[in-house]
Amino acid sequence: MGIQVKTVIVSDFEQNARLVIDQASQQCMIIDPGANTDHLFELSDPYDVTMIVLTHCHIDHAGGVKHLRQLFKEHGKKEPSVLYHSQEIIIGEYIETIALQYGLSPTRYQNAPSPDEILDNKDVIELGDSRFKCLFTPGHSPGHVALYYENDDFLLEGKHADDKQCNHLLIAGDTLFYGSIGRTDLPMGNHEQLLESIRTQLLVLPEDTVVCSGHGPNTTIRHEKLTNPFLEVPD
């Protein structure tokens, strides 16, 4: 039956949070709930939310996790497990400090809770009958991951619902964007490491893979190989 991917733009940074639903089991994972958690909780209400997965712990991707879990608790629902890479822990511990530096509320953007499960050595994330390859893609941040769904039975809904007539799906976080790549001028960013991650983990995927990025519209692996000015793909 495949999966549904519902994209919602959240936070002051216009970040793409996502609900991914396994249609057979109605299990759901919420990816990168940076803010607007009341709305995300409302959208997730029909489903069995088993996990919150963070591609990384920057403020716009992880700032809403703590409040979102509290909403589940307040409504008598089991709190979803939180999954992210161990190298993101230190970044998640400073979200409230970063919020103050940006002139934002540290009650709206809270430090990320400790992970219930780390993704360091996890190759596959299972959601009901669906499987997602967990790709280690550091550079934008030290423990960044991306999720790859190799099947063609997916439906995109909400914002950026164009599937580009592709047969595979990548939830790329802040590694690769339409015509651009993730910034690396933030603490613990590394430009060369990001380029290496893109070349070795993302550009090797099938060209008809739709790339659902952490900000902005969807793109494809084929389009970025051919046109992205930041990438020099070897012959």
* To do: Take every DSSP beta bridge with both residues inside the stretch 113-235 and express the antiparallel ones as a percent of the total, to the nearest 5.
  => 75
* Only Lys, Arg, Asp and Glu count, each charged at its Cβ (+1, +1, -1, -1), so figure out the dipole size of the chain about its Cα centre, rounded to 20 debye. => 300
* Structure fact -> Per GNM of the chain with C-alpha springs under 10 angstrom, the most fluctuating residue out of V211, V145, V124 is V124
* Within the chain, what percent of beta bridges assigned by DSSP are antiparallel, to the nearest 5? -> 55
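By the scheme Lys and Arg +1, Asp and Glu -1, what is the net charge of all other residues having a beta-carbon under 13 Å from that of H144?
-4
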* DSSP bridge pairs, the stretch 51-155: antiparallel proportion in percent, nearest 5 -> 60
* Asked: So how much slack lies between N121 and H223, counting 0.36 nm per residue of separation and subtracting their Cα-Cα distance, in nm?
  -> 33.7 nm
* Theoretical ellipticity at 222 nm over the chain - DSSP helices of four or more residues, -39500 (n - 2.57) apiece, nearest 500 -> -5000 deg cm²/dmol
* To do: Within the set of other residues whose C-beta is less than 10 Å from the C-beta of R222, count the net charge using Lys and Arg as +1 and Asp and Glu as -1.
  => -1
* Asked: When only Cα pairs under 8 Å and 6 or more residues apart are kept, what is the percent relative contact order across the chain?
  -> 17
* To do: Work out the count of Lys pairs in the chain where the Cα-Cα distance is under 22 Å, with the pair 8 or more places apart or on different chains.
  => 12
* When you count, for each residue, the other Cβ atoms within 10 Å and take the mean per peptide, how do 193-205, 47-59 rank with the highest first? -> 47-59, 193-205
* Asked: Hey, in the GNM for the chain with a 10 angstrom Cα cutoff, which one of H160, H67, H75 fluctuates hardest?
  -> H75
* Pairs of Cα atoms farther than 30 Å apart, the stretch 3-227, % -> 15
* Structure fact -> When the chain is treated as a Gaussian network with springs between alpha carbons less than 10 Å apart, the largest mean-square fluctuation among A62, A99, A24 is found at A24
* Computed P(r) (all Cα pairs; the stretch 97-185; 10 Å bins; percent) -> 13, 33, 37, 15, 1
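We did not get these values from a lab; they are worked out from the coordinates using the rules stated. Only a predicted model underlies this, so the values are computations on that prediction, with no experimental measurement involved. A quick note on method: Cβ atoms are made from the backbone with ideal geometry, for glycine too, and the neighbour counts reach across all protein chains shown.
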